[in-house]
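Asker: First the structure, which I've put down as structure tokens, then a few questions once you've had a look.
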Amino acid sequence: MPLTPRMRSAAIPLLVFALGLAVLGLAASLMLGRPATGTSTVGGPFTLVNQDGRTVTDRDFSGTPHLVFFGFTHCPDICPTTLQQISDVLVALGPKGRDVKALFVSVDPERDTPAALKEYLSSFDPRIVGLTGSPEAVAATVKAYRAYSRKVPLKEGDYTMEHTALVYIMDGRGHFVGSLNLMRPAADAAAEVARQL
């Protein structure tokens with residue numbers, strides 16, 4: 001049966017629609033079949049000073065998974081609680097995790113000198129490394145990890161710091177894996193870190 005002009009005019013949009021679906025399907029299959037080539041945008045190069053006054057960079061922690069936590073020594077509750085939880089996780093890793101470090105990056109370089117960090121961290125696992133530096137170096141590190149910090153004035157010229165409270169899990173290449181859930185037994189959190197070893 002020959003196509004009438006009316007049938008031809010109705011068929012054209014259907015053909016265009018079908019062709020569009022085919023192109024979209026082809027594009028989707030190509031994209032889904034392609035391995036991801038992008039890298040995480042969390043983390044990156046940094047140059048800071050540790051609690052012994054030695055300059056360290058991100059390269060000093062490559063080769064082994066590590067944790068990263070932003071905080072400050074005058075923090076009244078979240079920081080000491082989190083550092084104790086991190087200490088418990090490091091202990092729960094056992095001998096397998098002897099080389100795993102946790103970086104405690106100060107967001108308060110004005111008060112957190114290397115000496116202040118050293119004294120503060122003496123209460124926690126020795127694998128926790130305190131890091132500080134110039135305000136610019138600290139700000140660059142905070143930005144690289146897509147973290148947040150802000151100085152909040154208090155009475156009589158004092159201040160506190162608002163900051164991101166995540167514990168970042170970084171793999172041996174310095175790539176972000178995820179945030180560590182500390183709202184569970186230390187052994188369970190340690191198992192999550194151990195998967196990167």
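Asker: Filter the stretch 121-141 for residues that are surrounded by 18 or more Cβ atoms within 10 Å (Cβ to Cβ) and not charged (D, E, K, R) and give the result.
Answerer: Of everything in the stretch 121-141, those that are surrounded by 18 or more Cβ atoms within 10 Å (Cβ to Cβ) and not charged (D, E, K, R) turn out to be 121, 124, 128, 129, 130, 131, 132, 133, 138, 141.
Asker: Take the stretch 130-163 and flag every residue that is among the hydroxyl-bearing types (Ser, Thr, Tyr) and farther than 14 Å from residue 103 by Cα.
Answerer: 134, 148, 149, 159, 160
Asker: What single numbered condition from (1) crowded, with 18+ Cβ neighbours inside 10 Å; (2) at pLDDT 95 or above fails to hold for residue 97?
Answerer: (2) is the only condition that residue 97 fails.
Asker: Evaluate the following for residue 122: is it of a type in the set (Ser, Thr, Tyr) and modelled with pLDDT under 95?
Answerer: no
Asker: Still on this structure, I have one more. Mind checking whether some residue in the stretch 130-152 is touching a Lys or Arg at 6+ places or on another chain (Cβ under 8 Å), under 24 Å from residue 77 (Cβ atoms), in the same structural domain as residue 78 (by TED's automatic domain parsing) and modelled with pLDDT of 95 or more?
Answerer: Yes; the residues of the stretch 130-152 include at least one that is touching a Lys or Arg at 6+ places or on another chain (Cβ under 8 Å), under 24 Å from residue 77 (Cβ atoms), in the same structural domain as residue 78 (by TED's automatic domain parsing) and modelled with pLDDT of 95 or more.
Asker: Which number in (1) exposed (fewer than 11 other Cβ atoms within 10 Å of the Cβ); (2) closer than 30 Å to residue 152 by Cβ; (3) modelled with pLDDT under 95; (4) not β-branched (Val, Ile, Thr) marks the one condition that residue 35 misses?
Answerer: (2)
Asker: Could you figure out which of (1) farther than 15 Å from residue 71 by Cβ; (2) of a type outside the set (Asp, Glu); (3) in a helix (DSSP H, G or I) isn't true of residue 146?
Answerer: Result: residue 146 fails condition (3) only.
Asker: Okay, next question. Does residue 190 fit the bill of being assigned by TED's automatic domain parsing to the domain that holds residue 54, at negative phi and either more than 17 Å from the chain's Cα centre (by Cα) or surrounded by fewer than 18 Cβ atoms within 10 Å (Cβ to Cβ) (or both)?
Answerer: Considered against the rule, which asks whether it is assigned by TED's automatic domain parsing to the domain that holds residue 54, at negative phi and either more than 17 Å from the chain's Cα centre (by Cα) or surrounded by fewer than 18 Cβ atoms within 10 Å (Cβ to Cβ) (or both), residue 190 comes out as no.
Asker: So, one more: For the stretch 111-124, check the following and say yes or no: at least one residue is in a loop (DSSP other than H, G, I, E, B) and farther than 15 Å from residue 75 by Cβ.
Answerer: Looking through the stretch 111-124, at least one residue is in a loop (DSSP other than H, G, I, E, B) and farther than 15 Å from residue 75 by Cβ.
Asker: Same structure again: Would you mind stating whether residue 160 is out of contact with any Lys or Arg (no Cβ under 7 Å at 6 or more places or on another chain), surrounded by 21 or more Cβ atoms within 10 Å (Cβ to Cβ) and at pLDDT 95 or above?
Answerer: Here the answer is no, as residue 160 does not meet what is asked.
The values are calculated or read from the model by the stated rules, or taken from the named source; none is laboratory data. Values in this document were obtained by computation on a predicted structure and should not be read as measured data. Cβ: placed from backbone, ideal geometry, glycine included. Neighbour counts: every protein chain shown.
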